[in-house]
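Notes follow the structure.
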């Protein structure tokens, strides 16, 4: 399968813990996006990268959130000091320039 | 006011029915428009782009009215497999670059 992959698929953590998610985009897709989706809502944009450069960040991305794409390939999204309100599906998408965004299966985070 | 608004439904229709979904968007600077489909607990998948001239893909027809900031999706001859959530999506950039702005989705349930 050469689609977008995300790891882990599910994460349960206690409030206050740090978590890190990984996204591997489709090979040679230079753009990578992170979105968050809560139940009954559409995905909300968090941030995106073109190659290794982080070009845009949503105001949703508080200082507890950080995303990296160090070599322009895979990306990580870290949440520090998790809160119950962080419980959501975290979706990663990738695209070649000016083309459709393809989504990965997501990482479902539950903060207890 | 949400940037993209949709009637969440659910729309319950019998097989073979024609069903229409609508959405409105608030930013007149929006450049590109899409419908995504999302199955339960799965990632969103691009269904079709939406063009001002209207476009059709098999049983699916999408329309855009820029003056009214209104987007529609028509599904003819509904199949059981069409049951899903349909997400209306806009982008401030042309093509599929930059962040996507999603509506909350409209749920369709097609019954035998």
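Every number in this text was worked out from the coordinates using simple rules, so none of it is lab data. Because the structure is a prediction, the values reported are computed rather than measured. Here the Cβ is made from the backbone with ideal geometry for all residues, glycine too, and neighbour counts use every protein chain on show.
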* Asked: Counting only residues that are in a loop (DSSP other than H, G, I, E, B) and in contact (Cβ under 8 Å) with a residue 40 or more places away in the chain, which one in the stretch A:22-71 is farthest from the other protein chains (Cβ to nearest Cβ)?
  -> A:28
* To do: Could you list all residues from the stretch B:5-25 that are in a loop (DSSP other than H, G, I, E, B), exposed (fewer than 14 other Cβ atoms within 10 Å of the Cβ) and away from chain A (no Cβ under 13 Å)?
  => B:15, B:16, B:18
* Structure fact -> Of all strands (runs of 3 or more DSSP E) fully inside the stretch B:42-112, the set with 1 or more residues that are under 12 Å from the mean Cα position of the chain (by Cα), at the interface with chain A (Cβ under 8 Å from one of its Cβ atoms) and under 18 Å from residue A:42 (Cβ atoms) is B:44-50, B:84-91, B:100-102
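For every residue, the table says whether it meets (1) touching a strand residue (DSSP E or B) at 6+ places or on another chain (Cβ under 8 Å); (2) over 22 Å from residue A:91 (Cβ atoms); (3) surrounded by 15 or more Cβ atoms within 10 Å (Cβ to Cβ).
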site: B:60; (1), (2), (3): yes, yes, yes
site: B:67; (1), (2), (3): no, yes, no
site: B:70; (1), (2), (3): yes, yes, no
site: B:75; (1), (2), (3): yes, yes, yes
site: B:78; (1), (2), (3): yes, yes, yes
site: B:85; (1), (2), (3): yes, no, yes
site: B:88; (1), (2), (3): yes, no, yes
site: B:101; (1), (2), (3): yes, no, yes
site: B:107; (1), (2), (3): yes, no, yes
* To do: Identify all residues within the stretch A:72-109 that are assigned to a loop (DSSP other than H, G, I, E, B) and within 14 Å of another protein chain (Cβ to nearest Cβ); write none if there are none.
  => A:96, A:97, A:98, A:99, A:100, A:101, A:104, A:105, A:106
* Got a number for residues in the stretch A:67-79 being out of contact with any helix residue (DSSP H, G or I) (no Cβ under 8 Å at 6 or more places or on another chain) and closer than 13 Å to residue A:109 by Cα? -> 2
